[in-house]
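Okay, so here's the structure we're looking at.
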Amino acid sequence: MAEAHGLATDRAALLSLYDLDAGGFRNLDEITGFAAQLCGAPIALVSIVEDVRQFFLSRVGIDAEETPRDVSFCALAMLGGDIFLVPDATRDPRFADNGLVTGPPHIRFYAGAPLIGANGEPLGALCVIDTVSRADLTPLQRQGLTLLARQVMVELEGRRRDRDMILRQRMDAAAVAESDRMFRTLSDAMPQMVWSTLPDGYHDYYNARWYDYTGVPAGSTDGEGWNGMFHPDDQDRARSRWRHSLATGEPYEIEYRLRHHSGDYRWTLGRALPIRDGAGTIIRWIGTCTEIHEQKLMMEEREMIAHELSHRIKNIFSVIAGLIGLSARQHPEIADVADDLRDRILALGRAHDFVRPHSAESAPQAGGGQGSLWGILDQIFAPYRGAAGSRIALSGNDPAIDDRSATPLALLFHELATNTAKYGALSVADGMVHLHVSVEGGDVRIDWREEGGPPVAPGRVDGFGSRLMTLSVERQLGGRIERDWRPDGLRLSLWIPSRSMSRAAETA
């Protein structure tokens, strides 16, 4: 016990030499922010490990100022001579049960460069953290993180009280020059265009890649000159988005066309993050520009092909419906069956055009709810509107849908609406249908309730229409269906997994 107390005392004495309580870590904030940008990580920290806790001299992307040492990744990172890497903390037995992995900030990927004092003492680590697992850093990111960790130590050693004040002052001056040199060298080595601004948005730094790419003279885009490099149609939008980020502190992200040194405008992704001091005040913005011109053109080409395919698919629906109508005219005895089949084909066509319009004219109008359940229901239930409005009342949530769920949903509700119009509540003047949508855990629940119609006897669950509804719900959407034939009308409940309604729900 006395030995442990002695170690804690020795470590406290060691850390006291760096005068860490004095504050003033602006340079560390810039280093931490650049480390996050360099490694593409949402969280970056300069962590100092004490005997019972670790505290953060500088941080980006996290509010906590300290955590217990027993959950510290940096406590292990500082003991090595190279970068300490954890590709997926949930699969690492050392960290799988760690509170920082099972709870906020939900660490998955960790990379830390040790902070080693002048006499070889481990102090902590400069680390980057991601909430998704990653295989590794790139060689450039590894080199950059190591250089930045050394620069952190230059800053800390510059604070260390020393008897020889003159020597320390010389070291400080050399450290500042070396810090600036390393930052510029690392920035110039990056394939991206890197820039930096003062808190008010004044651009005062661009790396060599910016000048190589744009071909403009050094210093000519300082201040507000950057906006003149954008396509005239993008300038107001880019300036407005940038001013919004400056006013709110929100990250800056925008796609625009940047003038290349050839004179062409090429699509570029611009991003920037604010660097804050310990009080939360923005002290600098660091941003990057990445050309995405080829990807943008590929996406536009894919979208054009998708529209053409959509147009042809819509034509196929129309051709099939026409063939059915022609057959019915030649064989009047199948007219009723043909009408039902044609209506189902047309319902599928409306659903397809709703989620994948083949032209601007076929797309839902503004406010038409494209991409939502109510939007497609409005299309399916359009024939059941009267002078007083729709006789099918919608309430509750309006979840998102996509092209996977649109067609089975269209078939399902077309079948329900057709049946109630023939035999149920909508077959009489005063009948109504109430459809309520809610969310239950990971499912979307839809309740269909008819009222005011003629007395209803239980229907056949093995009939074609019932089997079609069951196929749509259970086989295609992975849900379940319950029917209750009451004297006052059919009541039906559906439970459909949210992930089956829209791909967006899979990643939410």
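Structure notes:
- Under-5 Å amide H pairs with Arg486, H placed in peptide plane, nonlocal only: Arg491
- Scanning residues 5 or more positions from Val456 or on other chains, those with amide H under 5 Å from its amide H are Gly489, with H placed 1.01 Å from N in the peptide plane.
- FRET efficiency estimate (nearest 0.05) - Cβ-Cβ, Glu65 to Asp222, R0 45 angstrom: 0.80
- Using the Cβ-Cβ distance between His106 and Gln235 with R0 = 45 Å, the FRET efficiency computed as 1/(1 + (r/R0)^6) comes to roughly 0.70.
- For Thr138 and Met299, the difference between the fully extended length at 0.36 nm per residue and the C-alpha to C-alpha distance is 55.3 nm.
- Judged by the mean number of other Cβ atoms found within 10 Å, the most tightly packed of the peptides 27-39, 260-272, 137-149 leads the ranking 27-39, 137-149, 260-272.
- Per-residue HN-Hα couplings for the stretch 195-203 [Karplus 6.51, -1.76, 1.60; θ = phi - 60°; Hz; x = Gly/Pro]: 9, 9, 9, 6, x, 7, x, 6, 6
- Arg329-Glu474 pseudo-label distance in nm [points 7 Å out on the Cα-to-Cβ vector]: 4.1 nm
- The distance between label points at Asp212 and Arg243 comes to 3.5 nm (points 7 Å beyond Cα on the Cα→Cβ vector).
- Extension reserve of the Thr131-Asp488 stretch, reckoned as 0.36 nm per residue once the Cα distance is removed: 123.2 nm
- Short-range pairs are left out: with C-alpha atoms under 8 Å and at least six residues apart, the relative contact order of the stretch 386-491 is 28 percent.
- Residue-wise HN-Hα couplings along the stretch 83-94, as the Karplus relation 6.51 cos²θ - 1.76 cosθ + 1.60 with θ = phi - 60° gives them from phi, are 5, 8, 10, 10, x, 8, 5, 5, 9, 9, x, 6 Hz; Gly and Pro carry x.
- Remark: the stretch 97-114, residue by residue, has Karplus-estimated 3J(HN,Hα) of 9, 5, x, 7, 9, 6, x, x, x, 6, 5, 10, 10, 9, 9, x, 9, x Hz, where x stands for each Gly or Pro and the curve is 6.51 cos²θ - 1.76 cosθ + 1.60 at θ = phi - 60°.
- Net charge contributed by nearby residues that have their C-beta within less than 13 Å of Ser395 (K/R +1, D/E -1): 0
- Apportionment of accessible area to carbon and sulfur, the stretch 11-164, percent (1.4 Å): 51 percent
- Under 5 Å between amide hydrogens, built in the peptide plane, is the criterion, and for His260 it picks out Tyr265, Arg266 among residues at least 5 positions away or on other chains.
- One decimal place: the segment Asp200-Ala279 gains 26.7 nm when fully extended, by the rule 0.36 nm per residue minus the C-alpha distance.
- Short-range pairs are left out: with C-alpha atoms under 8 Å and at least six residues apart, the relative contact order of the stretch 190-292 is 28 percent.
- Per residue solvent-accessible surface (Å²) - the stretch 190-292, probe of 1.4 Å: 45 Å²
The values are calculated or read from the model by the stated rules, or taken from the named source; none is laboratory data. Predicted model, so just to flag it, every value in this text is computed and none were measured. Reconstructed Cβ throughout: ideal geometry from the backbone, glycine too, with neighbour counts over all protein chains shown. To get the accessible areas, we keep the full protein, side chains included, count just its heavy atoms, and leave off ligands, DNA and RNA. Shrake-Rupley method; radii C 1.70, N 1.55, O 1.52, S 1.80 Å.
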